[in-house]
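Each reported figure results from applying straightforward, stated rules to the coordinates on display, with no laboratory input. Please read these numbers as outputs of a predicted model, since none were measured by experiment. With ideal geometry, Cβ positions are generated from the backbone for all residues, glycine too; neighbour counts draw on all protein chains shown.
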Amino acid sequence: MNLPVMVPGLGRDDILEWSRRVDAGPFTSLAAGERITFPNPEILVTLSAAAAVTERVHIVFDVLVLPMHATAIVAKQVASLDVLSAGRVVLGVGVGAREEDYRAAERDFDATRFQRLDDQVAELRRAWRGEAVVQGAERPVEPLPLQPGGPPIWAGALGPRSIRRAAAWADGLAGFSFGPSPEEIGLAFERARKAWAAAGRPPPRLVTSFWFALGETARSQLDDYLGRYLAFLGPGVAAKLAPTAGTASAEALRDAARQIADLGADELLLVPTTADPDEVDRVADLLG
């Protein structure tokens, strides 16, 4: 279950209540995604708060836009969170799609960000092994993560080229489907299996996500959320995509989860579109 971080107005009580309910429910992971120029809380701060009030679930970055950040700083932040969470962190990384967020972070939004991502992941691994990654420094970047070698790294990759690149360094695929579309998800999973095998890597952990809403006003809630979240695509595109994206009924959510499980998914990260913490219980009753 993702925290509803992209719903405006989320406060302390909301984040802590969602985190506690997710940890108490039939869920494997608690996740959050990153935006900068958007009314969402910062990802590391939010997941740190969640880690402090949970004991069981994995704490998942879904995803951190790594090329917007200094690698050594991320290495230290994520390692610290791994220590504070008792080794429960999973780091999803990607290149992102919002140029304005890169401008806010004072980083270049260009084609080099794909290679930068590859290089940064390699540097994270070295830092987490205790190797020197800062020239001239007396010590490595510390603390070291509690998980030996560092947390698992998932690739937030959607297209075939990104999936092939990720096969060289990722432990898993963290995909996303607007529909959700079983055909699209199945194709991404098959591409990942083949790419990891071609790279001589163990089979990847296969993860995907989609938006959902439950209750009597589910469709209007979902449309409102998507119209706001997809506004960067332009009003015409957002209006066209919103009515066809996500699931807006208990039956649709149950069917989508079953179909994705049948495709061989290891995990499904659900993305809520309301700040109401009762949504956690509704999903638990439906799928738990």
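List the residues, sorted by chain then number, that are 5 or more residues from F212 or on another chain and whose placed amide H is less than 5 Å from its amide H.
T247, V271, T273
Quick one: Karplus J couplings for the range 133-148, per residue in order, coefficients 6.51, -1.76, 1.60, θ = phi - 60°, nearest Hz, x for Gly and Pro?
10, 10, 4, x, 6, 6, 9, x, 6, 10, x, 7, x, 5, 6, x
With only alpha-carbon atoms counted, please give the Rg and Dmax of the range 171-230, in Å.
According to the Cα coordinates of the range 171-230, Rg and Dmax are 15.4, 49 Å.
Could you give the distance between the Cα centres of the range 131-147 and the range 224-263, to the whole Å?
If you average the Cα positions of each part, the centres end up 42 Å apart.
So how far apart, in nm, are the two label points at R129 and L241 if each is 7 Å from Cα heading toward Cβ?
Going from the R129 label point to the L241 one covers 3.8 nm.
Net charge around V83, counting only other residues with Cβ within less than 14 Å of its Cβ (Lys, Arg = +1; Asp, Glu = -1)?
Numbers: positive: K76, R88; negative: D82, E142.
Around V83, the surrounding residues sum to 0.
Find the all-direction average of the projected area of the Cα convex hull for the range 33-107, expressing the result in square nanometres with one decimal place. Display every interim value, and only then the final one.
On the way: hull surface 18.9 nm².
Approximately 4.7 nm², given one-decimal rounding.
Out of residues 5 or more away from A31 or on other chains, whose amide H comes under 5 Å of its own, with H placed 1.01 Å from N in the peptide plane?
The answer is N2, L3, V60.
With the crude spin-label approximation of a point 7 Å out along Cα→Cβ, what separation in nm comes out for V45 versus A199?
For V45 paired with A199, the spin-label model returns 3.3 nm.
If you take every residue apart from A197 with its C-beta less than 14 Å away from the C-beta of A197, what net charge results, scoring Lys and Arg +1 and Asp and Glu -1?
Net charge around A197: +4.
Ranking request for peptides 93-100, 213-220: highest mean number of other beta-carbon atoms within 10 Å first, then the rest in descending order.
Most protected by this proxy first, the peptides run 93-100, 213-220.
Taking the Cβ of each residue in T244, T46 as the centre, tally the other Cβ atoms inside 10 Å and list the residues starting with the fewest.
The fewest-first ordering by Cβ neighbours comes to T244, T46.
So how many Å³ per residue does the convex hull of the Cα atoms of the range 1-79 work out to?
Normalising the Cα hull of the range 1-79 by residue number yields 84 Å³.
Pairs of Cα atoms under 8 Å, at least six residues apart: use those to get the relative contact order of the chain, whole percent.
Details: 516 pairs, mean separation 53.5, N = 288.
It comes to 19 percent, rounded to a whole number.
Just add up the charged neighbours of A250: K/R +1, D/E -1, any other residue whose Cβ is under 15 Å from the Cβ of A250.
Working: positive: R219, R254, R258, R282; negative: E216, E251, D255, D278, E279, D281, D285.
It works out to a net charge of -3.
Using θ = phi - 60° and the Karplus relation 6.51 cos²θ - 1.76 cosθ + 1.60, list the HN-Hα couplings for the range 271-288 in order, rounded to whole Hz, with x at every Gly or Pro.
Listing the rounded values in order: 10, x, 10, 9, 8, 5, x, 5, 4, 4, 5, 5, 5, 4, 5, 7, 10, x Hz.
How long, wide and thick is the chain, going by the Cα atoms along their three principal axes, in whole angstroms, largest first?
60, 40, 36
In which sequence would R139, R113, R20 go, from the one with the fewest C-beta neighbours within 10 Å to the one with the most? Could you put the intermediate results ahead of the total?
On the way: R139 8, R113 19, R20 16.
Result, fewest neighbours first: R139, R20, R113.
In which sequence would E123, E106, E183 go, from the one with the fewest C-beta neighbours within 10 Å to the one with the most?
Starting with the residue having the fewest Cβ neighbours, the order is E106, E183, E123.
5 Å is the cut-off here: which amide hydrogens, built 1.01 Å from N in the peptide plane, fall below it relative to L64, excluding neighbours closer than 5 in sequence?
Placed amide hydrogens put G92, V93, G94 under 5 Å from L64.
Taking loop as defined by DSSP and a crowding limit of 13 other beta carbons within 10 Å, which GluC sites (Glu not before Pro) in the range 1-78 fit?
E42, E55
Using θ = phi - 60° and the Karplus form 6.51 cos²θ - 1.76 cosθ + 1.60, what ³J(HN,Hα) does each residue of the range 214-219 get, whole Hz, x for Gly and Pro?
Taking θ as phi minus 60°, the curve returns 10, x, 5, 9, 4, 5 Hz for the range 214-219.
From the helices alone, meaning DSSP H stretches of at least four residues, give me the mean residue ellipticity at 222 nm for the chain, per-run term -39500 (n - 2.57), in deg cm²/dmol to the nearest 500. Display every interim value, and only then the final one.
Working: 11 runs with 126 residues, N = 288.
Result for the chain, helices only: -13500 deg cm²/dmol.
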